[in-house]
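Peer 1: Have a look at this one.
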Amino acid sequence: MTRATTTMRPFGSGGREVPVIGQGSWNIELADRAGAIAALRRGLDLGLLHIDTAEMYGSGRSEEIVGEAVAGRRDTVFLVSKVLPHNASKSGTLRACEQSLRRLRTDRLDCYLLHWRGSYPLEETFEAFETLKRDGKILSWGVSNFDVEDLEEALTLAPSDAIACNQVLYHLRERAIEHALLPFCAGQGIAVTAYSPFGQDDFPAPGSPGGRVLAEIAQAHGATPRQVALAFLTRNDAVFAIPKAARPVHVEENAGALSLALTPAEIGRINRAFPRGPKPRSLPML
Ligand code: NAP
């Protein structure tokens, strides 16, 4: 087995133990509100304690929904939000964080990320993150959509144990991070959070060659193809995945991946069915 049924692992070096599968929330505000809240809560019941949101999502409405979902159980949740690059000056980051905390109805974030690189110097954003950390408003911070060169620059400004994670695009048909970024992050003790782990709405169809491989492996475990995909993506010790699901039935399926471990032979089959392809010139992102 490559990934034992380890459902928790440290989020970055010295970081809190966090379940390998979490919950995304982009576009969750487009779903039926009560259903979306029920889905997030069902996920928490089933151990999907890492909830990812951002000030960008629905212009704050996603954070409000997440805030309602975690009300009364905040202490069990690993709550992550993100500052938009155009707000990521020092004062802008401090202000954006306050607004996120208010929408999320909480006094702290477990991790706060720069959504992607913009025009403000990283130094300013990181200074704001450190101020927020000293004030107890965030417990850790990280980045998103950073390639190796961006991280190398970031590491000249902050020690690697200060950068908890890099949240990046990673799914069966988009494995670019495996070339250099994933090994780099793993080597530095930076957690990799896989976003869009189902390729948004582009999961391999059941009748496709890759879909058949997933179905056969799933059948051998009494699992589903999506659970197999999540287990594959989180086979590396540094990786966490955050599928978004606004329906409780989807959340339940995703939580089932926490206890699924694939054999090396199965991982080999998935590797062949969804080849990683050549290294692209720039990091793919949505
Ligand atoms: P995703 O998680 O790959 O896919 C979401 C879609 O899959 C939704 O339509 C959802 O349906 C469906 N789904 C989920 N579980 C399912 C299941 N078990 N069976 C069938 N369908 C299922 O896409 P994503 O939302 O783009 O990515 C996940 C999260 O990553 C986001 O929500 C966000 O938090 C984060 N993200 C970050 C960035 C960044 O730049 N940092 C970019 C993109 C995403 P329902 O909703 O109807 O259940």
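The values are calculated or read from the model by the stated rules, or taken from the named source; none is laboratory data. As the structure is a computational prediction, the values presented were derived from the model and not from experiment. With ideal geometry, Cβ positions are generated from the backbone for all residues, glycine too; neighbour counts draw on all protein chains shown.
Peer 1: How do the pairs read when you match residues in region 248-262 that are without any contact (Cβ under 8 Å) to a residue 24 or more places away in the chain with residues anywhere that are part of a helix (DSSP H, G or I) and within 9 Å of the ligand (Cβ to nearest atom), using Cβ under 9 Å and keeping only pairs 6 or more apart or on different chains?
Peer 2: Once the first residue is without any contact (Cβ under 8 Å) to a residue 24 or more places away in the chain and sits in region 248-262, its partners that are part of a helix (DSSP H, G or I) and within 9 Å of the ligand (Cβ to nearest atom) give Val249/Ala39.
Peer 1: Got a sec? Which of Thr131, Thr106 is of a type in the set (Val, Ile, Thr), assigned to a loop (DSSP other than H, G, I, E, B) and over 17 Å from Ala186 (Cα atoms)?
Peer 2: Details: Thr131 fails: assigned to a loop (DSSP other than H, G, I, E, B).
Every option except Thr106 fails the conditions.
Peer 1: Now for a different question. Could you say whether any residue in region 206-217 is surrounded by fewer than 20 Cβ atoms within 10 Å (Cβ to Cβ), aliphatic (A, V, I, L, M) and without any contact (Cβ under 8 Å) to a residue 12 or more places away in the chain?
Peer 2: yes
Peer 1: Further, regarding this structure: Can you tell me which residue in region 94-110 is surrounded by the fewest Cβ atoms within 10 Å (Cβ to Cβ), limited to those that are within 16 Å of the ligand (Cβ to nearest atom) and charged (D, E, K, R)? First the steps, then the outcome.
Peer 2: Kept after step one, since they are within 16 Å of the ligand (Cβ to nearest atom), are these residues of region 94-110: 96, 100, 103-104, 109-110.
Restricting the remaining residues to those that are charged (D, E, K, R) gives 103, 110.
Details: Arg103: 20, Asp110: 22.
Among those that are within 16 Å of the ligand (Cβ to nearest atom) and charged (D, E, K, R), it is Arg103.
Peer 1: Consider only pairs whose beta carbons are under 7 Å apart and that are at least six residues apart or on different chains; among these, list those whose first residue lies in region 157-177 and is under 29 Å from Gly277 (Cα atoms) and polar (S, T, N, Q) and whose second residue is in a strand (DSSP E or B) and modelled with pLDDT under 95.
Peer 2: The qualifying pairs do not exist here.
Here's the yes/no breakdown for (1) within 15 Å of the ligand (Cβ to nearest atom); (2) in contact (Cβ under 8 Å) with a residue 40 or more places away in the chain:
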{"residue": "His50", "(1), (2)": "yes, yes"}
{"residue": "Gly60", "(1), (2)": "yes, yes"}
{"residue": "Ile65", "(1), (2)": "yes, yes"}
{"residue": "Arg73", "(1), (2)": "no, no"}
{"residue": "Leu84", "(1), (2)": "yes, no"}
{"residue": "Gly92", "(1), (2)": "no, no"}
{"residue": "Tyr112", "(1), (2)": "yes, no"}
{"residue": "Pro121", "(1), (2)": "no, no"}
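Peer 1: Hey, could you check region 218-249 for residues that are more than 8 Å from the ligand (Cβ to nearest atom) and small (Gly, Ala, Ser) and say which is surrounded by the most Cβ atoms within 10 Å (Cβ to Cβ)?
Peer 2: Filtering region 218-249 for residues that are more than 8 Å from the ligand (Cβ to nearest atom) and small (Gly, Ala, Ser), the one surrounded by the most Cβ atoms within 10 Å (Cβ to Cβ) comes out as Ala231.
Peer 1: So, one more: Please determine whether any residue of region 7-16 is surrounded by fewer than 18 Cβ atoms within 10 Å (Cβ to Cβ), within 16 Å of the ligand (Cβ to nearest atom) and not basic (Lys, Arg).
Peer 2: Checked against the condition, which is being surrounded by fewer than 18 Cβ atoms within 10 Å (Cβ to Cβ), within 16 Å of the ligand (Cβ to nearest atom) and not basic (Lys, Arg), region 7-16 yields no hits at all.
Peer 1: Related question: Pairs only if they're at least six apart or on different chains, beta carbon under 6 angstrom, first in region 126-147 and of a type in the set (Asp, Glu), second at pLDDT 95 or above; list them, first residue then second.
Peer 2: Glu127/Lys90; Asp147/Leu283
Peer 1: Oh, and also: Taking the options Thr53, Thr76, name whichever one is surrounded by fewer than 18 Cβ atoms within 10 Å (Cβ to Cβ) and among the β-branched types (Val, Ile, Thr). I'd like the intermediate steps shown before the answer.
Peer 2: Working: Thr53 fails: surrounded by fewer than 18 Cβ atoms within 10 Å (Cβ to Cβ).
None of the other options fit; the residue is Thr76.
Peer 1: Here is a follow-up. Within the group Leu258, Leu286, which residue is exposed (fewer than 13 other Cβ atoms within 10 Å of the Cβ) and either within 28 Å of Leu46 (Cβ to Cβ) or among the hydrophobic types (A, V, I, L, M, F, W, C) (or both)?
Peer 2: On the way: Leu258 fails: exposed (fewer than 13 other Cβ atoms within 10 Å of the Cβ).
Among Leu258, Leu286, only Leu286 is exposed (fewer than 13 other Cβ atoms within 10 Å of the Cβ) and either within 28 Å of Leu46 (Cβ to Cβ) or among the hydrophobic types (A, V, I, L, M, F, W, C) (or both).
Here's the yes/no breakdown for (1) more than 23 Å from Leu114 (Cβ to Cβ); (2) within 16 Å of the ligand (Cβ to nearest atom); (3) surrounded by fewer than 23 Cβ atoms within 10 Å (Cβ to Cβ):
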{"residue": "Asn145", "(1), (2), (3)": "no, yes, yes"}
{"residue": "Pro159", "(1), (2), (3)": "no, no, yes"}
{"residue": "Ala164", "(1), (2), (3)": "no, yes, no"}
{"residue": "Val168", "(1), (2), (3)": "no, yes, no"}
{"residue": "Val192", "(1), (2), (3)": "no, yes, no"}
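Peer 1: Still on this structure: Any idea which of Leu101, Leu49, Leu94 is touching a Pro at 6+ places or on another chain (Cβ under 9 Å) and of a type outside the set (D, E, K, R)?
Peer 2: Values: Leu101 fails: touching a Pro at 6+ places or on another chain (Cβ under 9 Å); Leu94 fails: touching a Pro at 6+ places or on another chain (Cβ under 9 Å).
Within the list Leu101, Leu49, Leu94, the selection yields Leu49.
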